[in-house]
Every structure is written in C-alpha cells, then in structure tokens.
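The values are calculated or read from the model by the stated rules, or taken from the named source; none is laboratory data. Everything numeric in this text was worked out from a predicted model, so none of it was measured. Here the Cβ is made from the backbone with ideal geometry for all residues, glycine too, and neighbour counts use every protein chain on show.
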C-alpha cells in the first residue's frame, strides 16, 4: 500500500513538474486565448465581448492552474474563488495551461507604455503635480528601480510574456501601434467575427505627455529595464546621449517627408525665397541613416536667423522607422508631402537610376523587370532600390496619420503645383504660418530631365492595375479625384 501511494505521488509530481518537453508536443487546437499585457490595449479587446481575462489571471507562482475550458477567449470569466495577481504570464504556472492552444498578445513601444502606466488609475501616480514632467520622470525612475513581479506585473517587460528560457510561448504578437489592423487580420485567420474598431481609440490619455517629456535618466532606465523588448519587437531605442527635451518650436518647424521624384528638390529653392523661412539645402537623412549621431548633430543644420526652419528628406514618408523617430523628438512638427502621379513617379525614379554608375543595382535593368521583381518581393524590408512600393501613398499617409494629427500634415499634388505655382505655394506658405512673398520667382525648378524612352501603353495599363486600389484609396483620403492624374489612365 505504501509502495502504491509512493508511486502515485511520484507520477503526479513527475507529470506536473518534471515531465520532458516531448509530452507537450500535442498539436495546437484552433482555440485562441488572449494574454493581456498591461497598457497595450488589452481592455479594448476584453470590452469587445464584456469579458475579463479570467481563469488565467493566476496567483504567482502557483502549483494550481486555471481549469481547462473550450470557450473562445471572450467567454472566459474571472475565477472569483481566488484573489489572483493580475496579468501573470501563463508560463509562470506549472504546467502552462495554454501550452496546447494558440495564443495572442499585444506589445507596445516601451517608452509610451511607461508613460501610460503613470496614468493608470490602479497602478500609476496618485499624488500632487500630476501634470508635471518632473513628477512623471521621478515616478518612472523610482518605480522601475523597485518593481518586483510578486507585487505587480505592471511595467513588467513584455519579452517575459512572449519568451521563456529563450523559447517563444505566444503564437501571435500584435502591435499596439497597429492594433486595429493586426487584430482584424488575426480574427479573419481564425474565422472569428470580432472587431475592436468601435472600442479601441489609440490616443494619448497621459496628461499630454509624450516621449519628448522623458529626461535622460528615464530614457536610460527604460532602455535598461526593457532592453529585450526593444530588440525582440523592433522598437527603436533613443540613444542615451541624445536629449529629447530640445524645444522643438525653436529647433525645427517643418519637414518635407516625401515623395522622392515628387518635386521636393525644387521646393528648397521656392521656400528659401521667403525672408522668414529656412530649409536646409540638402537631404540630411538623419532619421533613416544617421540617427546614431544624435539630435544635437541634427539640429546644428538649422542654425539660421530665419524664424521658420525645416528640411527635406523624401525617404522619410516611406520609412516607418523614420516617422516613429520624428514623432518621438518632434511630435508637433509640421510635415509636408508632395504626391506625384505614381506611375510617372516610378518611371522617373527608374530613369534617375539609369544615370548612376554601372555598379548601381538597377542600372541597365529594364523598367518592366524592376516592376516584376518588386511584385515578387515578400518581405517588408525598406530598400533604396524600391520603386513600385513607394507609390503606395495611401499606406504612407495612413501611417503618418497614426502618429501625427491631420492638422500637422500638408498634402500637395506635384502636378497642381507645377501648373499653378503661386496659388499652390501660397497654400504651403500659409500652412507654415506665413504669406507668399511679394517677389516670388516661379522658374527655379530643379532636376528636370528628358526621358530617352517612354513607357508602352501595355506597361501603363499594367501599372494602373497595380496602383488602382491605392490610387482610389488616396482619393478617398483627399476627398477628391485628381484630374491631372486621370489623364494618364485614359488610354
């Protein structure tokens, strides 16, 4: 009898604590469970079906685990018989009750997550001077120095939810910054008719704070505490030597972010005619190539006595990383983007490539072959040689507006500017807060080239079929069609 009792205890302990990983290699089911990391939009996901992330809010650590269940994630209910520590990573339980099902979670930029935690009604700061940046920074630094998982999982590294001993625990990782589209795609994958568009609003509720309010010490401790988050989830660290608290109103007022071959070089000559406007004469490429030089290096380019200062680097609109960095340093900066008819823009870029030296990748490659190669691409890596994708204006505008207010973005049409420079530049100067100068030279265009060959009608039709959905979506964003583009499409 004693032997049987010992055997039963041994099997139970071995099964639940020491069993080999091969026991856990059952195929996952189509059941989908949500793992809620704090301040990443999880409440919006729960609100969709009035759910509380229930039986898997566990005590930490615990030999007990949530009961097995088959309901979809929105039908779970909190286990009211326990007093669990909320937001515990499921794999902290022994065994992990989610080890045989598909899971998803949401991750967020560590800087904005830390700021959001400051304003959390359950966990955040509750004292005086709540709207003071000094209070914000002191709270972040003190909290991150003292935080322990046995007390709370607020501000706990997101990496520890997704990975355990180097092995990934979560099936699907969504990003807070793109939560609506990520969540919609995931629900479609699982044939679930669920939407969060009506409940998720990605806007700051942090007493107006943003990344530029973080001081050097806060950036340093966030970089250290969330070091694995930055690397694992693709968020850019702010260099600790950079000071994000530069007064952006004095340092920089506007950036021309695109598009390449859209007339941005000529814009330098036109804007610099104004006695109050200074735009740096060349592309700086700080936010895409030279970010490690630091913000002070960048701002030395704008040492002008003119009141309104800016630059143009037209790759920025196409590079999400650059848009993120611009917003982190200059959340109130004005952005200008000039859109050129995308088929002609692509052909112009290809022609420019043919003027490069023989070692350039696209030199002597036909336009049709370049488009074929771009269509075959499956990755999302940004390349200098991208041609086709740079004409997806709707995607670029949408991403910019996910970071900046609409009032901060001026969208100009290159063909309309070329047709009526005074009228169109008067609008641009007005956007910058000045009037069109009395003496305004309209004949200073740059980089005007004549093409040695022209596109065939078949190529134009092919390009229009590719760009058509993007063009229509761009029209919808603008609230109008562009007549000077439409002539290209009437073959």
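Scanning segment 267-282 for residues that are within 32 Å of the chain's Cα centre (by Cα) and surrounded by fewer than 15 Cβ atoms within 10 Å (Cβ to Cβ) turns up 281, 282. If the condition is being farther than 23 Å from residue 177 by Cβ and touching a helix residue (DSSP H, G or I) at 6+ places or on another chain (Cβ under 6 Å), then segment 105-131 contributes 125, 129. Taking the stated definitions as given, is residue 417 buried (at least 18 other Cβ atoms within 10 Å of the Cβ), at pLDDT 95 or above and over 27 Å from residue 375 (Cα atoms)? Spelling it out, residue 417 is indeed buried (at least 18 other Cβ atoms within 10 Å of the Cβ), at pLDDT 95 or above and over 27 Å from residue 375 (Cα atoms).
Taken over segment 482-491, residues that are surrounded by 13 or more Cβ atoms within 10 Å (Cβ to Cβ) and assigned to a loop (DSSP other than H, G, I, E, B) amount to 1. Across segment 142-171, the number of residues qualifying as outside any loop (DSSP other than H, G, I, E, B) and crowded, with 17+ Cβ neighbours inside 10 Å comes to 7. When residue 212 is tested against (1) modelled with pLDDT of 85 or more; (2) outside any loop (DSSP other than H, G, I, E, B), only condition (1) is not met.
Can you spot a residue in segment 67-86 that is modelled with pLDDT under 85, outside any loop (DSSP other than H, G, I, E, B), closer than 30 Å to residue 320 by Cβ and out of contact with any helix residue (DSSP H, G or I) (no Cβ under 7 Å at 6 or more places or on another chain)? Looking for residues that are modelled with pLDDT under 85, outside any loop (DSSP other than H, G, I, E, B), closer than 30 Å to residue 320 by Cβ and out of contact with any helix residue (DSSP H, G or I) (no Cβ under 7 Å at 6 or more places or on another chain), one finds at least one in segment 67-86, hence yes. Checking 246, 238 one by one, the residue that is farther than 30 Å from residue 345 by Cβ, buried (at least 22 other Cβ atoms within 10 Å of the Cβ) and at pLDDT below 95 is 238 and no other.
Every listed requirement among (1) touching a strand residue (DSSP E or B) at 6+ places or on another chain (Cβ under 9 Å); (2) crowded, with 18+ Cβ neighbours inside 10 Å is met by residue 434 save one, (2). For segment 452-477, which residues satisfy the criterion of being in contact with a helix residue (DSSP H, G or I) (Cβ under 6 Å, 6 or more places away or on another chain) and surrounded by fewer than 12 Cβ atoms within 10 Å (Cβ to Cβ)? None; the set is empty. Of the residues that make up segment 393-413, is at least one modelled with pLDDT of 95 or more, out of contact with any helix residue (DSSP H, G or I) (no Cβ under 7 Å at 6 or more places or on another chain), closer than 14 Å to residue 270 by Cβ and buried (at least 16 other Cβ atoms within 10 Å of the Cβ)? No, because not a single residue in segment 393-413 is modelled with pLDDT of 95 or more, out of contact with any helix residue (DSSP H, G or I) (no Cβ under 7 Å at 6 or more places or on another chain), closer than 14 Å to residue 270 by Cβ and buried (at least 16 other Cβ atoms within 10 Å of the Cβ). Among the residues of segment 424-466, those identified as part of a helix (DSSP H, G or I), more than 19 Å from residue 412 (Cα to Cα) and either within 29 Å of the chain's Cα centre (by Cα) or free of Cβ contacts under 8 Å to residues at least 40 places away in the same chain (or both) are 457, 458, 461, 463, 464, 465, 466.
Consider segment 348-383 and keep the residues that are under 24 Å from residue 320 (Cα atoms) and exposed (fewer than 11 other Cβ atoms within 10 Å of the Cβ). The one that is modelled with the highest pLDDT is 376.
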